[in-house]
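Structure first, commentary second.
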Amino acid sequence: MLTLYDYLPSQNAYKIRLLLSHLDLPCQQHYVSIFEGEGQRDAFLAINPTGAVPALRLEDGRTLAESNAILIYLAEDTDYLPADRYRRATVMQWLFFEGETVQSTVATLRHWVMTGKDRKRSAEVLDGKRHGSLKTLNILNKELERNQYLGGADYTIADISVFAYAHRADEARLPLHEYPHIQRWITQIKAQSRFLDTVYPYSIDPHSGLELP
Ligand SMILES: N[C@@H](CCC(=O)N[C@@H](CS)C(=O)NCC(=O)O)C(=O)O
């Protein structure tokens, strides 16, 4: 069976849980207490050299890290990753956007706000993150005005990836309600078969107020 190295409040890990749910694939979970430094121990660094979740252990023992790489692996030969060369590249386009832009803006700001770390950051740093987050939401809103889903007419792992943090942007004190096309897209994703609605707040982990090691 597959093993997901997981931390429940992680929306990067939620991406994998959501795809596994759509695919109805069984998987065992191994929880990693990232704020207590468990990710930095040798045993986990052997699985993911960055020390971050999610990571996946395949049935044959090989391991894989980076949420978007795991999505690509699991989605191969399914409707969630198109075979067509151009359409596949547009899925990658949005996966790279997610990894580079969504994670460093909306996801980071949400983490800080939800764990109280925003109070330890300077106004200048917070303003920068907020500005970057609003720019990210604007890009997504415009794209979703043009297209039903990211890059086209079909729901793919590009949507799963970006959805993970984008649909929780209000938890970063961002005005998600001001983006009508993102709202429409969220509603459509929530209506997908075997959608997984369970999201965990950082507050379930008493250690989440610590800075990551
Ligand atoms: N780019 C990575 C980011 C993973 C990441 O930042 N994971 C967080 C939880 S959401 C983590 O485990 N952080 C612990 C650390 O970086 O030490 C991905 O997409 O998987």
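The values are calculated or read from the model by the stated rules, or taken from the named source; none is laboratory data. Everything numeric in this text was worked out from a predicted model, so none of it was measured. Don't worry about glycine lacking a Cβ; one is built from the backbone with ideal geometry, like all the others, and counts go over all protein chains shown. Heavy atoms of the whole protein, side chains included, go into the accessibility calculation; ligands, DNA and RNA do not. Shrake-Rupley method; radii C 1.70, N 1.55, O 1.52, S 1.80 Å.
Using θ = phi - 60° in the Karplus curve 6.51 cos²θ - 1.76 cosθ + 1.60, the 3J(HN,Hα) couplings for the range 6-21 round to 10, 9, 4, x, 6, 6, 5, 6, 4, 3, 6, 4, 5, 5, 4, 5 Hz; x is entered for Gly and Pro. The count of lysine pairs in the range 85-190 with alpha-carbon distances below 26 Å, taking only pairs 8 or more places apart or on different chains, stands at 7.
Taking 25 Å as R0, compute the FRET efficiency from the Cβ-Cβ separation of A69 and R194 and round it to 0.05.
Rounded to the nearest 0.05, the efficiency is 0.65.
Computed extension length for F96-Q148: 16.8 nm, one decimal, from 0.36 nm per residue of separation with the Cα-Cα distance subtracted.
If I take R0 = 22 Å and measure r between the Cβ atoms of D42 and S203 in this structure, what FRET efficiency does the formula 1/(1 + (r/R0)^6) give, to the nearest 0.05?
Numbers: r = 30 Å, r/R0 = 1.35.
According to the calculation, E is roughly 0.15.
With a 1.4 Å probe and every protein chain left in place, work out the accessible area per residue of the chain in Å², rounded to a whole number.
Working: 10350 Å² over 213 residues.
I get 49 Å² per residue for the chain.
Backbone phi angles across the range 121-129, fed through the Karplus curve with coefficients 6.51, -1.76 and 1.60 (θ = phi - 60°), yield HN-Hα couplings of 9, 6, 4, 5, 5, 5, 4, x, 5 Hz in residue order; Gly and Pro are listed as x. Converting phi to 3J(HN,Hα) with the Karplus coefficients 6.51, -1.76 and 1.60 and the offset θ = phi - 60°, the range 73-85 yields 4, 6, 8, 3, 6, 10, 5, 7, 9, x, 7, 4, 4 Hz in sequence order, with x at every glycine or proline. Helical runs assigned H by DSSP (4 residues or longer) give the chain a calculated mean residue ellipticity at 222 nm of -13000 deg cm²/dmol, each run adding -39500 (n - 2.57) before division by the residue total. Measuring nothing but how far apart in sequence close Cα pairs (under 8 Å, 6+ apart) lie, relative to its length, the chain scores a relative contact order of 27 percent. You can think of it this way: the chain between H181 and N138 has 14.5 nm of extra reach, that is 0.36 nm per residue less the Cα-Cα gap. Expressed as a whole percent, the accessible surface of the chain that belongs to carbon and sulfur atoms is 51, based on a 1.4 Å probe. Sequence-distant contacts, meaning Cα pairs under 8 Å at least 6 residues apart, place the relative contact order of the range 85-190 at 37 percent.
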